[in-house]
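Report on the following structure.
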Amino acid sequence: MKKALKRIGIAIVLILVLLIATPFLFQSQIKDMIKNFINENVNAKVEFADVNLSLLKNFPQATITIDDLSIVNYAPFENDTLFKAKTIGLELSVKELFKTQDEEPIIVNSIEVDNSELKLIINTNNEVNYDIAKASEDEEESSNSSGFTFSLEDYSISNSQISYLDESSKTLFSLIDFNHSGNGTFSTENSELDTKTESLVSLSIDSSQYLN
């Protein structure tokens, strides 16, 4: 009995050591993969402070946390911040971490966005600041590129702000204290979602306040 308990104790300690040590082994790989994914898909200046990987936070799922992400436009909206977020959390199966760069992309099952701000603008020339996706190349080539794909089961956006400005009509629509969550099936032909949204809403057109 003593030997069995000793072996169980040693096994538990080894598992804990692996759970703590493994993120350090994958941290650099995940950070490079996020940078590559951004560069391949986004035509804007994207920066983030750090990327952290945890196997303990939502065990047995792995959690990737991106800190202080910002997306800044190029011309004609140069230096305007399209999007920023204090934290973005991605939840995925631990086995996804063991995929190599040559294999299919890592599949993300859940996203949490906290303290974010999104600014959508249409200028007087009818140009939009959110058209930042790079033109897709050959489908087969892009499907084999390394990075992330999303097979979401649930997602949430909390403590955030969204604004929409049409400069031609001087229309400003704003959502503050925005909290939104959803769960369901995204990857099937017919998606089914259960969503909930809470927010303070305002609308002004040509300096007249229509909703507050």
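The values are calculated or read from the model by the stated rules, or taken from the named source; none is laboratory data. Remember, predicted model here, so these are calculated numbers, not experimental data. Methodologically, a virtual Cβ is constructed for each residue, glycine included, from the backbone with ideal geometry; neighbour enumeration extends over all protein chains shown. Accessible surface areas use protein heavy atoms only, side chains included; no ligands, DNA or RNA. Shrake-Rupley method; radii C 1.70, N 1.55, O 1.52, S 1.80 Å.
Of all residues in region 180-203, those satisfying the criterion of being surrounded by 14 or more Cβ atoms within 10 Å (Cβ to Cβ) and polar (S, T, N, Q) are S181, N183, S199, S202. Select, from L175, L200, L211, the only residue that is among the hydrophobic types (A, V, I, L, M, F, W, C), in contact (Cβ under 8 Å) with a residue 24 or more places away in the chain and touching a Ser or Thr at 6+ places or on another chain (Cβ under 8 Å). Exactly one of L175, L200, L211 is among the hydrophobic types (A, V, I, L, M, F, W, C), in contact (Cβ under 8 Å) with a residue 24 or more places away in the chain and touching a Ser or Thr at 6+ places or on another chain (Cβ under 8 Å), namely L175. With a requirement of 1 or more residues that are closer than 26 Å to T185 by Cβ and β-branched (V, I, T), the strands (runs of 3 or more DSSP E) lying completely within region 33-124 that satisfy it span 61-72, 81-93, 106-122. Screening V201 on (1) assigned to a loop (DSSP other than H, G, I, E, B); (2) modelled with pLDDT of 95 or more shows it passes everything except condition (1).
Taken as a whole, the structure leaves I64 outside the set of residues that are of a type in the set (A, V, I, L, M), farther than 30 Å from T171 by Cα and touching a residue at least 60 places away in the same chain (Cβ under 8 Å). Just to be sure, is D206 open to solvent by 50 Å² or more (accessible area, probe 1.4 Å) and more than 20 Å from the chain's Cα centre (by Cα)? Yes; evaluated as a whole, the condition is true for this residue. Screening T149 with (1) of a type in the set (V, I, T); (2) open to solvent by 60 Å² or more (accessible area, probe 1.4 Å); (3) part of a strand (DSSP E or B); (4) modelled with pLDDT under 80 gives one miss only, at (2). Filter region 161-179 down to residues that are open to solvent by 70 Å² or more (accessible area, probe 1.4 Å) and of a type in the set (V, I, T), then give me how many there are. Here the count works out to 1.
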